[in-house]
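So that we are looking at the same thing, I have put the structure below in structure tokens.
Every number here is computed from the coordinates shown, using simple stated rules; none is lab data. This structure is a prediction, so every number in the text was calculated from the model and none was measured. With ideal geometry, Cβ positions are generated from the backbone for all residues, glycine too; neighbour counts draw on all protein chains shown.
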Amino acid sequence: MNKKLKFTVEIEDENGKVIAASESERMVPYIEEMEEQGFRQAFHTLETAILESRKEVSDGILSDYLELASLKKRNNPGEK
């Protein structure tokens, strides 16, 4: 039995409207599985899931935000 690890990152404007979001989900071992696998293996599985999810949401939110900035710049060429 696995549990789901879920990372969600959002960038909001001053009104609280989400303008960019990124989400990642990974399965992680349940406590009983951690006992069966042994601490080192279970920790490695958990740590890997966390690091991969963090990278995925970081890359996703950065890409989305830069794309929004690029679109705004193209639509308003004289604006700085």
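Between 0 and 90 degrees, rounded to the nearest ten: what's the tilt of helix 39-75 against the longest Cα principal axis of the chain?
It works out to around 10 degrees.
Excluding same-chain residues fewer than 8 positions from LYS72, which lysines have a Cα within less than 22 Å of its Cα?
Qualifying lysines at Cα under 22 Å: LYS17, LYS80.
Over the Cα atoms of the range 2-75, what is the Rg over Rh ratio if Rh follows Kirkwood? If you can, show how the numbers build up before the last one.
Details: Rg = 16.9 Å, Rh = 14.1 Å.
My calculation puts Rg/Rh at 1.20.
For LYS3, enumerate residues with amide H under 5 Å from its amide H, sequence gap 5+ or separate chain, H modeled in the peptide plane.
Amide H to amide H, under 5 Å and 5 or more residues apart or across chains, LYS3 pairs with VAL28, TYR30.
Additional query: Suppose every Lys and Arg Cβ carries +1 and every Asp and Glu Cβ carries -1, with no other charges. What dipole size does the chain come out with about its Cα centre, to the nearest 20 debye?
Values: 12 positive and 17 negative charges, 74 e Å.
Roughly 360 debye for the chain.
Per residue of the range 8-25, in order, report the coupling 6.51 cos²θ - 1.76 cosθ + 1.60 (Karplus, θ = phi - 60°) as ³J(HN,Hα) in whole Hz, putting x for Gly and Pro.
With coefficients 6.51, -1.76 and 1.60, one gets 10, 10, 9, 10, 10, 7, 5, 9, x, 7, 6, 9, 7, 8, 8, 9, 9, 10 Hz.
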